[in-house]
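> If you scroll down you'll find the structure; I have some questions about it.
Nothing in this text is a laboratory measurement; each read-out follows from the coordinates by a stated rule. On a predicted model such as this, the values are computed, not experimentally measured, just so you know. Backbone-built Cβ (ideal geometry, glycine too); neighbour counts: all protein chains shown.
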Amino acid sequence: MIDQFLLGLSVVLQPDVLIYAFAGVFIGQLIGVLPGIGAITAISLLLPITFYLDATASMILLAGIYYGSQYGGSIASILLNLPGTPSSVVTCLDGYPLAQNGRAGLALFVAAFSSFIGGMIGVSILVLAAIPMTTIALRFGAPEYAMLVVLGLLAASLIGTGSQLRSFAMVLVGIALGVVGADATTGFYRFVAMPELADGISLVSLAMGLFGVSEIIRHATHHGRPTPRLNLKIRDILPTRAEARSLGGPILRGSAIGSFFGALPGTGAAIASFMSYATEKRFSRTPGKFGKGHLPGLSAPEAANNAASQTGFIPTLTLGIPGDAVMALIIGALILNGIIPGPRLMVDQPLLFWGVIASFFVGNIILLLINIPLIRLWVLLLRIPYQKLYPIIIVMICVGVYSHRTSVVDVVLTLAFGIVGYLMKSYRFEPAPVLLGFVLGPLLEDNFRRTMLIYRGDFLIFVERPISAGLLACTTALIVFSVYSAIRNRRPPAGLPAKNEH
Amino acid sequence: MTPDNPQQPTALSRALSGGVLMAVGIGMLVIGWSYPVGQLTQMGPGYVPRAIAIFICVMAATILVIDLRSTDVARSDGLHWRGLIFVSAAMLIFATLVDVAGLVPSMFLAVAVSMFADRQAKPLTVLIYTVLATFAGWLLFLVILELPIPAFRRWS
Amino acid sequence: MFRTLMTTLPLTIALALPAVAQDSFPDRALRIVHGFGPGGNADTVSRIMAEQMTQGLGQPVVVESRPGAGGTVASGYVAGEEPDGYTLQLLVGGHAVAAGLYNELPYDSVEDFTFLSTVGQFPFFVAARAGEYESINALIEAALAEPGSIVIGHSGVGSTQHLTGELLGLETGAEFIHVPYQGGAAASTALMGGEVNLIIDTGTVIRGQADAGVYDILAVTSAERWPGYEDVPTLNETVAEGFDVISWTALGAPAGLPEDVEATLSEEIARVLELEDVRGQIEALGANPQGSTGEELQALVERQIAVWTEVIDSAEIERR
């Protein structure tokens, strides 16, 4: 493996290939910062370019855009509560409060550093364990996915900062929103008020509305928001020694969770970041700090989504199977170059295969190097008065959401979710569990119904298949653990629930 | 926004969040009532919506009871009417115009209208700022990113 | 800007657009609308065509993706646009399926369009894990011997792939279980993982695994054997006489296109489809690059609407 990896490095380090790695991550970074304009839009616009490039350069360029956008996504989330990519929704939870407390520089640094470590761990797993990971991924059938999602939904109710009851109610609302559209099993239209809703509500609209637009509504009125303090000295950007020490565990756990979810086709970075956040919070000694600017709550999901965006290439490269829409685009570029993606890619095209993998390694280093100096520049963005900033943000959201599916309906829906998100916050409901329910709900329904269809309604299948049984055991253990700790910690209710301050 | 009266919120306002949630659940039940439900091993498309709707109603009822009984529910702030109205207007204008008039006019009007969400906005500043912002948007979206949206669409 | 920069990076690439100043059509940008997400077959074919037509027409041709409801959102949009030749649509086989699948479409699938030319035609392949079935005949025998024992994974309810599977069941009398996945790739993963026994999908989905010896291609759905796959038997010659399913991509426009505009566009499409690069790219996508006259395309659409409507009725697929 190492030899082949070095072979790959020798491909990437040629100047005419390196320039595409650089260009890819740079464009990705920029695209990630812009709310709503995701890697998909960017890559599909650049697809015709790959007609003129060779396969290796195309892959390196397009892949760079993909994982570069994961880096960029955290910037708008931390500074403006605008999740630029779906997976950076979780980054908002602790990143934005940090920025509000004058620690934007620190938050950006921690995010970049965690992303870097997560990305590197993801690449290492891709180099060392692509084949074993593929074998595991193939053993995940419908029953396994169903059980995995049950575990995830259970973890989901832990994400909010307020009452468990309210955050669970919001998970349900998220699942309800996920139901809208054509039913995947029968094609039956559910709650489809107009044809634009037939494919369901767009995740981008939901995330942009609940997080971004609601924040603007709240703060657009003058003096609605105190300008955050700005600390720009190097000392303020770097974490203290104690803080740095507290990050090791979360980053490693986040990377592990991210690497795992990334390798499963069809789950992806967004779920990985949610799961790692829930894990950190569940096993933290100070769960109360999460959601108020707690560094582990920022570093774990950042590590997770970047690790996932690297291991996401495992099924793509080893089987020719795209795990998500972006991967499908990248595979499309390969096909247009006359290369058939499939199990033989590694054997038939070793230079391409290992060159692309080595480019991830180089790309992550480039991303870290361009991110650290940019931190101070980004923080300066906060010096612009909010009243000058928000009209531009509104237009960016509009254009981003519209360009996603060329859909006016999506823009109107984003506004609707913005208003809903604004009202929800006024009544102490959290938006994050809604998103998690929205992502996981349809996965659970489809895979459960698929299981019932394939195994003809036999429930025993969930315990007969080893991985599914293991996941079921984990779920049970988590329930027992939660109930046990709830009984043990039963104390008189603490006075006022923490009010969301702004 | 001006703060509400410092007394405890009325029972009605305390019941609001649970009540709205209940309405969502009931609405979902009503609309989805005709969907074929099937059974657990052979779910129809209506199974999950109905189950979720019932769960939401149960949750809403619980929240309603808790909120009504507890005396120290945190008061919600007053609504930010100005932000709500102008942000909505800006986004609706964008949505209405972008398909018929193109990106530049819709960006221009969306920026201009949204600026009035700020109580201290002055017309001249708004005009200058809007021109600059529209130009920047044109540069970013159409020149640098080359998004496939026409700057101006022909009226036909 | 990025696009331009990227394309000019290698100096070998000469992208000097022939800035032919034409006094008539087209004098501004055209767009090709399609109804599917980025990266799909429709999107890729649109971009291949747009790239070359930009050079031939001397005006930029941009691709606009308006996904939703199996492409009907885009079709409804295009049907309502001005028939001036500046709005084109990339149509796919699903256009004919939609006519039978949807109760109320906001357009008429034939009357509201000007059909210009086919772009590519492609069949579907029937694939199973290597060694599991000796031949397509063995598979159908197994299915007939034990009804419901064979599970077909397909790329979504109402997709052409799904209906082809239903049609195979109807024609052979075999009873299959049809399980929907989110797209062909997911169905292929399920086949590899052993969750389903069979998939019916395009060459792009199946070829990689077949080349690696992971899948056996049991049959092809076209009436004749497919070029490049001469050793793959057709369903027509083995288990279901008369079986003939191909899918296609094509270009259309709103109904009522002026004749001269229609001629310009048809001529340009025919020119592009003769280009060596374009043929290679469309072939790489598993299709046979082949233009047609507007009448031929319209006849194809009408024929397929009839076939799919019947399959949807016979297989009792829920209309929407």
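> So if I take the centroid of the Cα atoms in segment A:456-478 and the same for segment B:93-141, what is the distance between those two points in Å?
Their Cα centres are 55 Å away from one another.
> Distance from a point 7 Å along Cα→Cβ of A:Thr476 to each backbone N in segment A:108-144: keep the residues under 20 Å and list them by number.
A:143-144
> Then there is this: Note down the net charge around A:Leu154, summing +1 for each Lys or Arg and -1 for each Asp or Glu among other residues with Cβ under 15 Å from its Cβ.
Working: positive: A:Lys281, A:Arg282; negative: none.
Value of the local net charge: +2.
> Under 14 Å from the Cβ of A:Ala272, count the other residues' Cβ atoms, weight Lys and Arg +1, Asp and Glu -1, and hand me the total. Numbers along the way, then the final one.
Working: positive: A:Arg253; negative: A:Glu280, A:Glu302, A:Asp324.
Neighbourhood net charge equals -2.
> Compute the acute angle (0 to 90°) between the alpha-carbon long axis of helix C:41-57 and the principal axis of greatest extent of the alpha-carbon atoms of chain C; round to the nearest 10°.
20
> Next up: Hey, with R₀ at 22 Å, roughly what FRET efficiency would C:Ser24 and C:Glu81 work out to, going by the Cβ-Cβ distance, to 0.05? Please list the in-between numbers first.
Details: r = 20 Å, r/R0 = 0.91.
The pair C:Ser24/C:Glu81 has a calculated efficiency of 0.65.
> Given the options B:Pro45, B:Pro105, B:Pro123, state which has the largest fluctuation in a GNM of chain B using a 10 Å cut-off (strictly under) for Cα springs.
B:Pro45
> Something else about it: Looking at chain C, send over the antiparallel percent of its DSSP beta bridges, to the nearest 5.
Working: 23 of 39 bridges.
Beta bridges within chain C, antiparallel portion: roughly 60 percent.
> To the nearest 10 degrees, how steeply does helix B:81-98 sit against the main Cα axis of chain B, on a 0 to 90 scale?
Computed tilt is about 60 degrees.
> Taking the Cα atoms only, what angle lies between the long axis of helix C:294-314 and the longest principal axis of chain C, rounded to 10 degrees?
30
> Counting other Cβ atoms within 10 Å, keep those with at most 15, restrict to DSSP loop, and tell me which trypsin sites (Lys or Arg not before Pro) in segment B:37-120 are left. Provide the component values of the computation, followed by the final result.
Working: sites: B:Arg50, B:Arg69, B:Arg75, B:Arg82, B:Arg119; in loops: B:Arg75, B:Arg119.
When the trypsin sites (Lys or Arg not before Pro) of segment B:37-120 are filtered for loop state and at most 15 Cβ neighbours within 10 Å, B:Arg119 remain.
> Between A:Tyr484 and A:Gln14, 0.36 nm times their residue separation minus their Cα-Cα distance comes to what?
Numbers: separation 470, 0.36 × 470 = 169.20 nm, distance 5.84 nm.
Contour length minus the Cα-Cα distance gives 163.4 nm.
> While we're on this one: Between C:Tyr133, C:Tyr229, C:Tyr86, where does the largest GNM mean-square fluctuation fall for chain C, given springs only between Cα atoms within less than 10 Å?
C:Tyr229
> Quick check on packing: order C:67-74, A:192-199, A:90-97 by the mean number of other C-beta atoms within 10 Å, highest mean leading.
Values: C:67-74: 25.1, A:192-199: 17.8, A:90-97: 28.5.
Per-residue mean Cβ counts within 10 Å order the peptides as A:90-97, C:67-74, A:192-199.
> Moving on. Using a Förster distance of 41 Å, how high is the FRET efficiency between B:Ile54 and B:Ile85, based on the Cβ-Cβ distance and rounded to 0.05? Before the final figure, lay out the partial values.
Details: r = 36 Å, r/R0 = 0.88.
Computed FRET efficiency for B:Ile54 and B:Ile85 comes out at 0.70.
> Would you give the gap between the C-alpha center of segment B:24-66 and the C-alpha center of segment A:29-81, rounded to a whole Å?
If you average the Cα positions of each part, the centres end up 40 Å apart.
> Could you compute the net charge surrounding A:Gln164? Neighbours are other residues with a C-beta less than 13 Å from the C-beta of A:Gln164; K and R count +1, D and E count -1. Mind dumping the intermediate values first?
Numbers: positive: A:Arg166, A:Lys281, A:Arg282, A:Arg428; negative: A:Glu430.
For residues surrounding A:Gln164, the net value is +3.
> Under the classification rounded if a/c is under 1.5, otherwise prolate if a/b is larger than b/c and oblate if not, where does the protein assembly as shown fall, given a ≥ b ≥ c as square roots of the Cα gyration tensor eigenvalues?
On the way: a/c = 1.44, a/b = 1.27, b/c = 1.14.
Here the protein assembly as shown falls in the rounded category.
> Now for a separate question. Return a single number: how many Lys pairs in the protein assembly as shown, at a sequence separation of 8 or more or on separate chains, have alpha-carbon atoms below 15 angstrom apart. Write down the numbers at each step before the final one.
Numbers: A:Lys281/A:Lys289; A:Lys281/A:Lys292; A:Lys289/A:Lys499; A:Lys292/A:Lys425; A:Lys292/A:Lys499; A:Lys388/B:Lys122; A:Lys425/A:Lys499.
For the protein assembly as shown, qualifying lysine pairs total 7.
> Pop a pseudo-label 7 angstrom from the Cα along the beta-carbon direction at both B:Thr96 and A:Ile372 and give the gap in nm to one decimal.
5.2
> I'd like to verify something in chain A: which complete DSSP H helices, judged by Cα projection on the helix axis, reach 30 Å or more and average at least 1.6 on the Kyte-Doolittle scale?
Values: long enough: A:55-80 (37 Å, 1.13); A:104-138 (42 Å, 2.05); A:241-263 (34 Å, 0.28); A:350-381 (45 Å, 2.06); A:432-454 (33 Å, 0.90); A:466-488 (32 Å, 1.49).
Flagged H segments are A:104-138, A:350-381.
> With labels modelled as points extended 7 Å from the Cα through the Cβ direction, what inter-label distance (nm, one decimal) is found for C:Ala223 paired with C:Ala315?
The two pseudo-label positions are separated by 2.1 nm.
> Roughly speaking, what is the centre-to-centre gap between segment A:336-386 and segment C:71-134 when only Cα atoms are used, to the nearest Å?
36
> Once you sort the root eigenvalues of the Cα gyration tensor of segment B:81-144 as a ≥ b ≥ c, which label holds: rounded (a/c under 1.5), prolate (a/b larger than b/c) or oblate (the other case)?
On the way: a/c = 2.50, a/b = 1.33, b/c = 1.89.
Verdict is oblate for segment B:81-144.
> Please identify, among C:Ala284, C:Ala250, C:Ala42, the residue showing maximal mean-square fluctuation in a Gaussian network model of chain C using a 10 angstrom Cα cutoff.
In the Gaussian network model the winner is C:Ala284.
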